[in-house]
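Written out below as structure tokens is the structure these notes cover.
The values are calculated or read from the model by the stated rules, or taken from the named source; none is laboratory data. The structure displayed is predicted, hence computed values, not measured ones. A quick note on method: Cβ atoms are made from the backbone with ideal geometry, for glycine too, and the neighbour counts reach across all protein chains shown. Just so you know, the surface numbers come from the protein's heavy atoms only, side chains and all, with ligands and any DNA or RNA stripped out. Shrake-Rupley method; radii C 1.70, N 1.55, O 1.52, S 1.80 Å.
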Amino acid sequence: MSKIAFLGLGGMGARMAANLIKAGHAVTVWNRSPGPVAGLVAQGATAAPSPRAAAEGAEFVLAMVADDIASRAVWLDGETGALAGLAPGALAIECSTISPAWAGEMVAAVTGAGAAFLEAPVVGSLPQAQEGKLIILAGGDAVAYAQAQPALAPLASAIHHVGPVGRGAVLKLAVNSLLGIQLAAWAEMMGFLGKAGFDGPAALDILATLPVASPAAANYARMMLAGDFAVRFPVDLMAKDFRYATHGADAVKADTPVADATLGVLERAAEAGFGADNVSALIRLYTVQ
Ligand code: NAP
């Protein structure tokens with residue numbers, strides 16, 4: 001059993017923290033807004049008043065928050081940030097989907113303070129987080145990767161060490177870009193088929209059997225046609241990932257015209273008021289006037 005602090009109890013973080021408790025770890029939790037804290041305390045967690053307080057005495061500190069801005073606040077805030085509470089020898093693990101540039105800043109800040117750092121972005125959504133079957137793309141040195149195993153194992157069906165810090169962020173952003181590009185294309189084509197007179201579900205029954213349909217895209221296309229926009233992964237978070245992916249690509253002079261265009265589609269959806277809806281709501285760009 002280890003002492004673990006978990007920062008950020010959103011859709012993903014609350015489920016991940018619950019799995020650490022179930023695995024027998026002593027878990028202290030913190031969230032910016034108080035709403036989700038009581039549910040974790042009822043499962044056996046201890047509540048902390050700040051990331052810093054949560055980190056004090058912990059062997060592992062994990063964060064699962066929205067973006068770079070949230071991650072910076074949670075780790076580096078001068079008064080309340082977790083970095084100020086990290087014990088020497090503790091391991092900071094950032095699970096949020098962040099930019100490679102911010103991952104680079106974080107490892108410098110954490111190691112400069114005498115602790116160790118691993119980035120551990122996750123592939124999978126709410127059901128996989130719930131079942132402890134995420135796929136983790138870890139970036140960091142071999143010592144930090146080995147040290148992290150007791151804290152990561154209860155969360156994941158697979159843990160890959162993909163290279164130094166920054167590589168995990170890049171690979172995670174590539175995964176989400178591959179998904180988002182497909183979803184933008186499927187929304188567009190389902191809109192086209194509808195306007196051309198097809199019955200969407202009947203057309204999808206055929207399309208889903210073809211090699212061009214990935215299981216993930218076909219699943220999202222079903223949600224699109226069913227009007228199922230209940231949040232699992234919202235448009236706004238996908239747009240954030242495309243911003244980080246395209247900036248990351250620019251930084252290494254990689255050309256990403258399709259990702260650039262997909263970011264434009266996601267931004268149109270946000271401007272149309274669908275940003276907080278599940279990414280399946282991209283279909284509304286083509287069916288709602
Ligand atoms: P979420 O449900 O929207 O939760 C976001 C969390 O970030 C909440 O705990 C929120 O606190 C916190 N937060 C936001 N801004 C903050 C700030 N400025 N300071 C401190 N905390 C802040 O999002 P999620 O779905 O759990 O996603 C979390 C991360 O996992 C994101 O990086 C996302 O891209 C990534 N991810 C998501 C999925 C998915 O399917 N949903 C899958 C893989 C990876 P409040 O409760 O106070 O708002």
In order through the range 28-44: 3J(HN,Hα) via Karplus (6.51 cos²θ - 1.76 cosθ + 1.60), integer Hz, x for Gly, Pro: 10, 10, 9, 9, 4, 9, x, x, x, 5, 4, x, 6, 4, 4, 8, x
Pick out, from Ala196, Tyr220, Leu171, the residue whose Cα sits farthest towards the positive end of the charge dipole of the range 170-287, with +1 on the Cβ of Lys and Arg and -1 on the Cβ of Asp and Glu. Leu171
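Taking the Cα centre of the chain as the origin, how large is its charge dipole in debye, to the nearest 20, when only Lys and Arg (+1) and Asp and Glu (-1) carry charge on their Cβ atoms?
Roughly 440 debye for the chain.
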Compute the accessible area per residue over the chain, keeping the other protein chains in place, probe 1.4 Å, unit Å². 44
Considering only DSSP beta bridges with both partners in the range 1-63, what is the antiparallel share in %, to the nearest 5? 0
Determine ³J(HN,Hα), in whole Hz, for all residues of the range 194-199 in sequence, where each value follows from phi through the Karplus function 6.51 cos²θ - 1.76 cosθ + 1.60 and θ = phi - 60°; x replaces Gly and Pro. x, 5, 7, x, 6, 7
Where Rh is the Kirkwood radius over the Cα pairs of the chain, the temperature 10 °C and the viscosity 1.306 mPa s, what D in µm²/s does Stokes-Einstein return? 81
Expressed as a whole percentage, what fraction of the accessible surface of the chain belongs to carbon and sulfur atoms when a 1.4 Å probe is rolled over the protein heavy atoms? 61
About its Cα centre, how strong a charge dipole does the range 170-287 have in debye, to the nearest 20, once Lys and Arg get +1 and Asp and Glu get -1 at the Cβ? 140
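Counting pairs of Cα atoms in the range 44-198, how many percent are more than 20 Å apart? Please list the in-between numbers first.
Numbers: 6187 of 11935 pairs.
Here the long-distance tail beyond 20 Å is 52 percent of all Cα pairs in the range 44-198.
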Check which residues have an amide H placed less than 5 Å from Leu134's amide H, if you skip close sequence neighbours. Ala156, Ser157
Of Val258, Val162, Val27, the one that fluctuates the most in a GNM where the chain has Cα springs shorter than 10 Å: Val258
In the neighbourhood of Gly132 defined by beta carbon distances under 13 Å, the net charge of the other residues (Lys, Arg +1; Asp, Glu -1) is +2
Total Lys pairs in the chain closer than 18 Å by alpha-carbon, pairs eight or more apart in sequence or interchain only? 4
What are the extents of the Cα atoms of the range 123-242 along their three principal axes, in Å, largest first? 59, 28, 26
Residue separation times 0.36 nm, minus the C-alpha to C-alpha distance between Thr209 and Lys195: what's the value? 2.8 nm
Alpha-carbon Rg with Dmax, taken over the range 30-117, Å: 12.6, 37
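With a sphere of radius 12 Å drawn around the Cβ of Thr262, what net charge do the other residues whose Cβ falls strictly inside it have (Lys, Arg +1; Asp, Glu -1)?
Neighbour charge sum, excluding Thr262 itself: -2.
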J(HN,Hα) series, the range 213-221, from Karplus relation 6.51 cos²θ - 1.76 cosθ + 1.60, nearest Hz, glycine and proline x: 8, 6, x, 5, 5, 5, 4, 5, 4
Would you work out which of Val265, Thr287, Gly85 lies farthest towards the positive end of the dipole of the chain, given +1 charges on the beta-carbon of Lys and Arg and -1 on that of Asp and Glu, about the Cα centre? Gly85
Label points 7 Å out from Cα along the Cβ direction at Glu131 and Lys253: separation in nm? 4.5
